[in-house]
1. Give the calculated FRET efficiency between residue B:21 and residue B:217 to the nearest 0.05, with a Förster radius of 60 Å applied to their Cβ-Cβ distance.
2. First check a/c for segment B:245-332, with a ≥ b ≥ c the square roots of the eigenvalues of its C-alpha gyration tensor; if it is under 1.5, answer rounded, and if not, answer prolate when a/b is larger than b/c or oblate otherwise.
3. Averaged across A:66-77, how many Cβ atoms of other chains sit within 10 Å of each residue's Cβ atom?
4. Mind giving me the nanometre distance, one decimal, between the label points for residue B:302 and residue A:81, set 7 Å out from Cα along Cα→Cβ?
5. 7 Å from Cα along Cα→Cβ at both residue B:313 and residue A:32: what's the point-to-point distance in nm?
6. Run the simple label-point estimate for residue A:195 and residue B:234 please: 7 Å along Cα→C-beta, distance reported in nm.
7. Partner chain Cβ atoms within 10 Å, averaged over the residues of A:41-49 - can you pull that number for me?
8. In Å, the Kirkwood hydrodynamic radius of segment B:1-78 over pairs of distinct alpha carbons?
């Protein structure tokens with residue numbers, strides 16, 4: 001039920017975003033304004049997409065500080081190459097494509113082995129802002145940590161496809177554009193990623209009877 | 001539909017990626033197969049867990065400022081301080097480039113005209129002296145600007161190359177030159193043995209002579225600027241004190257800071273060129289504070305404003321500005 005509500009909310013938000021986009025500040029309008037030097041338009045783009053981009057990059061690299069830096073890098077690159085976007089309606093897909101390249105370059109400069117080092121990110125383990133958490137929050141934090149660890153254990157391609165599909169709710173076609181993967185590779189990687197995540201998160205996935 | 005086919009399609013069914021016909025077949029199979037219905041429930045549970053995933057990463061105001069700074073770092077002309085390009089770079093935005101280029105061309109033309117007129121007047125003054133001493137050598141084509149030149153010794157010996165106006169390529173060539181005034185020596189010009197005392201007044205009729213600001217005039221300009229800056233910083237401090245639960249409005253302070261910043265840069269350089277250390281120091285201390293205020297985002301947080309206010313307090317900048325104003329008023 002929760003899952004349906006969450007997915008419905010995300011779908012509606014994206015639809016609303018599309019509707020809102022057609023009424024005011026559509027992606028095409030914003031891009032045209034950025035091209036003419038309107039900094040405010042680019043700030044709107046940043047405000048609209050920075051959160052999903054940083055979430056995606058964080059899922060890929062596993063470190064909060066690094067995710068912030070790479071998110072900034074993503075938007076700087078986007079600004080510099082704003083004239084290269086071919087389909088203004090696909091701004092989200094284009095931005096995720098840049099983010100994917102930025103994350104991949106970062107991962108390539110680091111060790112490609114298991115991300116156990118990154119799993120010790122103190123930012124993930126600490127209680128946020130020093131607040132004391134009730135038991136429910138402790139359980140949620142445990143699940144979050146388990147999810148974070150499990151993501152880190154996927155190989156890069158599976159992590160990429162899984163993150164874009166499950167967390168960012170991108171369509172198969174959009175993921176194919178972002179990643180450059182064929183549809184068959186995409187579906188295979190996604191299926192295998194789900195199986196691995198299921199195995200790693202089994203204690204948290206028992207269906208209540 | 002068999003269970004194998006169901007297993008291969010159920011994920012795409014949950015992703016909404018099946019045709020309506022295939023989706024209907026999956027639903028029908030689930031309704032009649034308990035094992036496959038359990039598989040579906042498990043996948044739903046998985047998606048619920050994923051939907052509840054919280055990453056503890058967020059977009060901070062500092063991230064946008066960092067992006068903005070990097071963008072302007074990349075596109076602004078060389079020599080302009082990076083942090084001041086936020087609005088200054090707006091002058092170089094594509095939509096303003098033609099207008100800005102035209103304005104720049106006009107300024108260069110005016111500066112060039114002053115230089116040429118100055119050069120010609122200097123030349124005429126030399127010719128007049130030549131007329132007085134050796135009329136046979138005078139170029140008949142040259143007209144004298146005056147009939148009674150002052151008997152200033154050595155003016156005919158002034159090499160044209162040492163004329164400040166001819167060499168001066170700085171923007172100060174546009175400074176007002178309403179009436180002949182005492183000329184202040186400028187550090188950047190080389191000493192020339194043949195040049196008369198550089199504090200000597202220009203010819204009285206040399207109305208087009210460029211006269212750089214005197215030290216007194218510069219000090220007055222700096223004093224006025226420092227006064228405005230002090231008022232701005234006090235106003236900024238009061239914004240923080242008066243903040244309510246919503247984000248305080250610092251748009252006025254931000255705009256004023258941008259105006260004062262450009263002036264501060266120019267005055268600081270002038271103070272440095274004139275050897276005015278105390279002014280240079282106070283303007284150098286003030287500049288980063290003006291930069292910080294000028295770069296505040298539209299919706300600044302109390303924390304950002306507090307941070308600037310703490311830096312102001314640490315530098316005791318308001319007191320330094322007050323002291324400078326007091327010293328300046330005592331010297332007049």
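1. That pair, residue B:21 with residue B:217, gives E of 0.10.
2. Judged from the Cα gyration tensor, segment B:245-332 comes out prolate (a/c at least 1.5, a/b above b/c).
3. Partner-chain Cβ atoms within 10 Å, mean over residues of A:66-77: 4.
4. 4.3
5. It is 5.0 nm.
6. About 7.5 nm separates the two model spin labels.
7. The shielding value for this peptide is 2.
8. One over the average 1/r among Cα pairs gives 16.2 Å for segment B:1-78.
Each value in this text was obtained by applying a stated rule to the coordinates, not by laboratory testing. Note that the coordinates shown come from a computational prediction; the quantities given were computed from them, not determined experimentally. We place every Cβ from the backbone using ideal geometry, glycine too, and count neighbours over all the protein chains shown.
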